[in-house]
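Asker: Dropping a structure here in structure tokens format, bear with me for questions.
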Amino acid sequence: MQRDTGTFTVKSGLAEMLKGGVIMDVTTAEQAKIAEDAGACAVMALERVPADIRRDGGVARMADATKVEEIQQAVSIPVMAKARIGHFVEAQILQSLGVDYIDESEVLTPADEEYHIDKWAFTVPFVCGARDLGEALRRIAEGAAMIRTKGEAGTGNVVEAVRHQRAMLRQIAEVTQLRPEQYVTKAKELGAPVDLVRIVAEQGKLPVVNFAAGGLATPADAALMMQLGVDGVFVGSGIYKSEDPAPRARAIVEATTHFDDPEILAKVSHGLGEPMQGLEIGSLETRLQDRGW
Amino acid sequence: MTKTGILALQGDFREHARLVSSIGVAAVEVRTPAQLADVDRLVIPGGESTTIAKLALAGDLVRPIRDRARDGMPIFGTCAGMIVLAERVIDGDPLLALMDVTVRRNAYGRQAESFEADVDVDGIDHPVHGVFIRAPWIEDVGPEVRVLSSYEGRPVVLQQRNLLAASFHPELVGETALHEFFLSLPR
């Protein structure tokens with residue numbers, strides 16, 4: 001019988017399977033193995049974690065192809081990788097390497113300040129960052145099959161991820177109150193296609209899976225975002241910039257599953273060593289979330 | 001009062017709960033042994049099998065699920081759920097080891113090879129639409145296992161008494177036939 005690959009159902013289907021899970025940034029095969037052993041539902045391959053990109057500066061690009069392959073060989077869980085905003089050739093290369101998901105990410109230096117990647121042109125699915133509903137729907141219109149908050153990566157400060165998820169929830173609630181004749185005006189205001197605004201109005205949620213990302217550093221941060229209604233979490237610098245990565249990674253996995261059980265959250269929050277130090281948002285020279293539109 | 005538990009450690013458990021509720025049966029999320037004791041059926045959803053296995057071990061759920069299964073509680077596993085039910089996992093560790101099959105994880109390939117297709121299932125009068133996401137396949141089955149459906153020569157739906165397993169995701173496309181069959185299995 002006929003077999004259809006690369007359909008939107010297949011692309012968004014993998015995101016559905018990642019729900020309730022933790023996707024961890026890794027830069028080496030060894031870190032990928034630690035993430036898998038801790039119970040990560042996927043890993044994100046990149047050259048440098050966001051905290052190092054922030055500290056060292058320079059242009060941040062797609063990870064080296066050899067690194068990506070080493071990570072793929074080290075683990076059996078899905079391997080995602082980051083491409084620069086608008087850099088469709090990095091995306092073509094990552095697709096050809098067989099990565100399971102591409103993150104068109106503001107954490108890397110944008111390659112195009114006007115256009116994001118046409119994600120419909122790919123078989124591999126994409127996840128993109130968003131600060132609010134309009135940005136999420138623009139990315140979905142371009143073919144993204146999964147959304148995450150942008151937050152502020154590499155800070156260990158969850159406040160921006162909270163801000164972005166709150167904005168998403170508030171705007172979705174507003175859209176569900178609209179009468180059909182108001183959809184076009186709302187679409188203009190959000191800068192999003194009216195068909196997607198109508199879907200959100202009817203379903204009361206984003207049409208794809210929505211994860212939290214950008215600044216999560218503790219089990220409590222992960223549970224906070226889950227209680228604010230995200231489907232799962234990305235953790236980047238928060239793990240490998242902490243004193244003792246493996247137990248912290250395990251604790252964040254458990255906290256994401258048991259996000260509404262304070263007893264279990266208390267239990268897993270014991271003895272994790274020092275978290276990453278973290279940064280005040282007001283002190284930042286570069287706000288990664290302002291990349292992309 | 002009959003309640004169907006959905007193992008809610010990780011994965012697409014809400015889609016299963018929605019489907020079971022749409023059939024008119026109460027669905028509750030199961031994350032702890034106490035919640036498990038309160039249900040009379042269990043669905044193990046799709047997700048990442050290694051993640052589900054670690055969380056099940058950390059939550060002391062493995063022994064109670066096995067005991068209930070041997071006691072006759074019906075269990076339905078899809079994709080990752082099929083992997084955790086299997087007695088033998090190639091390049092991996094079995095978790096519940098309840099179903100007499102050998103399973104190969106990610107057998108169809110990476111995400112680029114994930115697909116959707118219609119399959120014929122014994123006892124269901126229409127083609128069942130399945131979404132295969134980095135799906136496992138079955139390498140061999142024991143004498144007690146009935147193969148209810150095959151796709152391209154590989155078993156994709158199997159039953160062993162009170163246990164039902166599918167290598168694909170009917171729950172992603174609102175396909176209720178397999179869940180109806182599962183809910184009809186005697187307790």
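Asker: How much of the accessible area of chain B, probe 1.4 Å, is carbon plus sulfur, in whole percent?
Answerer: 47 percent
Asker: I'd like the mean, over residues of A:250-258, of how many other protein chain beta carbons sit within 10 Å of each residue's own Cβ.
Answerer: 4
Asker: Moving to a separate point now. With springs only between Cα atoms under 10 Å apart, run a GNM on chain A and tell me which of A:I23, A:I93, A:I34 wobbles the most.
Answerer: A:I93
Asker: Let me ask you something else. Any idea how far apart B:R110 and A:W293 come out in nm if each label point goes 7 Å out from Cα toward Cβ?
Answerer: About 3.2 nm, to one decimal.
Asker: Across every pair of different alpha-carbon atoms, what Kirkwood hydrodynamic radius in Å does segment B:3-183 reach?
Answerer: 15.9 Å
Asker: Moving on to the next point. Could you name every residue in segment B:115-139 that has 30 Å² or more less accessible surface in the full protein assembly than in its own chain alone (probe 1.4 Å, ligands and nucleic acids excluded)?
Answerer: Hits at the 30 Å² cut-off: B:F115, B:E116, B:D118, B:I133, B:R134.
Asker: Shifting gears a bit: Compute the semi-axes of the equivalent ellipsoid of segment A:83-187, taking the square root of 5 times each eigenvalue of the Cα gyration tensor, and list them largest first in whole Å.
Answerer: 26, 18, 11
Asker: Ordered by packing density, taken as the mean number of other Cβ atoms within 10 Å over each peptide's residues, highest first, how do A:118-127, A:266-275 rank?
Answerer: A:118-127, A:266-275
Asker: Would you give the gap between the C-alpha center of segment A:251-293 and the C-alpha center of segment B:152-186, rounded to a whole Å?
Answerer: 38 Å
Asker: Using Cα pairs closer than 8 Å and at least 6 residues apart in sequence, work out the relative contact order for segment B:3-183, in percent.
Answerer: Dividing the mean separation by the residue count of segment B:3-183 yields 19 percent.
Asker: Here's another thing I want to ask about it. Average partner chain C-beta neighbours within 10 Å, per residue of B:48-59?
Answerer: Mean partner-chain Cβ count within 10 Å for B:48-59: 6.
Asker: Another question, if that's okay. With both partners inside segment B:3-183, how many of the DSSP beta bridges are antiparallel, as a percent to the nearest 5?
Answerer: Within segment B:3-183, antiparallel bridges account for around 50 percent of the total.
Asker: Could you tell me the total accessible area buried at the B-A interface, probe 1.4 Å, in square angstrom to the nearest hundred?
Answerer: 3100 Å²
Asker: A further question follows. State in Å² the accessible area per residue of chain A; use a 1.4 Å probe, count heavy atoms of protein chains only, and round to the nearest integer.
Answerer: 39 Å²
Asker: For segment B:14-60, what size does the Cα cloud have along each of its three principal axes, sorted from largest down, in whole Å?
Answerer: Reported extents, whole Å, longest axis first: 32, 23, 12.
Asker: Using Cα springs under 10 Å in a Gaussian network model of chain A, which residue among A:S283, A:S105, A:S237 shows the largest mean-square fluctuation?
Answerer: Of the options given, A:S283 has the highest mean-square fluctuation.
Asker: Mind checking the mean number of beta-carbon atoms from other chains within 10 Å of the Cβ atoms in B:25-31?
Answerer: Partner Cβ neighbours, averaged per residue: 1.
Asker: Can I ask one more? Based on Cα coordinates alone, diagonalise the gyration tensor for the protein assembly as shown, multiply each eigenvalue by 5, take square roots, and list the semi-axes in whole Å, largest first.
Answerer: Each semi-axis is the square root of five times an eigenvalue, giving 35, 25, 22 Å.
Asker: Equivalent-ellipsoid semi-axes (√(5λ), Cα gyration tensor) for segment B:21-95, whole Å, largest first?
Answerer: Gyration-tensor ellipsoid for segment B:21-95: 20, 14, 12 Å.
The values are calculated or read from the model by the stated rules, or taken from the named source; none is laboratory data. Remember, it's a predicted structure, so these values are computed and weren't measured experimentally. Neighbour counts run over all protein chains shown; Cβ positions are idealised from the backbone, glycine included. Quick note on the areas: whole protein, heavy atoms, side chains included, nothing else; ligands and nucleic acids left out. Shrake-Rupley method; radii C 1.70, N 1.55, O 1.52, S 1.80 Å.
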